[in-house]
Amino acid sequence: MITEVSILPIQSVYSIDNHIITATVLHEEPLIMKFDHVLSDEECQIFINSAASRLKQSKLANKEISEIRTSSGMFFEENESPLITLVENRISSLMHVPVAHAEGLQVLHYEPGQEFKEHYDFFGINSPSSHNNRISTLIIYLNDVEEGGETTLPRLGITVKPVKGSAVYFEYFYNNQALNELTLHSGEPVIRGEKWVATQWMRKQRFREGY
């Protein structure tokens, strides 16, 4: 039984500026969804090409380097290209949160053996960032991974395989903290090939200047 209203209106198809995204509900509360065709193959490749020369070792949210997170990554600047602006607006419409609440769009690269161990995306109550906490996440897969690299939510028994252009979405804004804690998730180690993802986090309140 649903007791809290989700941020994202649940539909099987989302039409955003003539871009058709199909959706599957994986869990209702907390809401976990899989989207297909969020990005085109061409858009995925442009993201990879644009990010490849700008990658640095990934850090945790507290800016520390840790064995918990062994990927490399980078953030795009707001409106740094027409494609970034187009995609950020598409994501904002899909996630049903104004783009002013969005962190910078991040691209991550995982080589064989690299992973992101179990973690939450929201900030703990003692974190200075918790006053404007994250409320939802969209992880977009930019390539097909030969083996490994799944996104797992172990407390819900959900595993999502990376498929180019598709995405997994989850939200954790609930008043019931036990629901938020069900969004514990991990990026499983890549076994063969490589993994590229683009991640968008949304905040509860305005995050960007100039919007």
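The values are calculated or read from the model by the stated rules, or taken from the named source; none is laboratory data. Note that the coordinates shown come from a computational prediction; the quantities given were computed from them, not determined experimentally. Every residue, glycine among them, receives a Cβ derived from its backbone with ideal geometry; neighbour counts consider all protein chains shown. These accessible areas exclude ligands, DNA and RNA; they are computed on the full protein's heavy atoms, side chains included. Shrake-Rupley method; radii C 1.70, N 1.55, O 1.52, S 1.80 Å.
Structure data summary
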read-out	value
Of all accessible heavy-atom area on region 70-144, the percent that carbon and sulfur account for (1.4 Å)	54 percent
Selection from Thr151, Gly165, His119, by position along the positive dipole direction of region 118-167 (Cβ)	His119
Computed [θ] at 222 nm, deg cm²/dmol, the chain (DSSP H ≥ 4; -39,500 (n - 2.57); rounded to nearest 500)	-4500 deg cm²/dmol
Per-residue HN-Hα couplings for region 84-90 [Karplus 6.51, -1.76, 1.60; θ = phi - 60°; Hz; x = Gly/Pro]	4, 4, 4, 6, 4, 5, 5
FRET E, pair Gln45, Ile10, Förster distance 22 Å, beta-carbon r, rounded to 0.05	0.10
For region 74-81, 3J(HN,Hα) per residue [Karplus equation, 6.51 cos²θ - 1.76 cosθ + 1.60, θ = phi - 60°, Hz, x = Gly/Pro]	7, 10, 6, 6, 4, 6, 6, 8
Packing-based order for 27-34, 104-111, 78-85, using average beta carbon neighbours within 10 Å, highest first	104-111, 27-34, 78-85
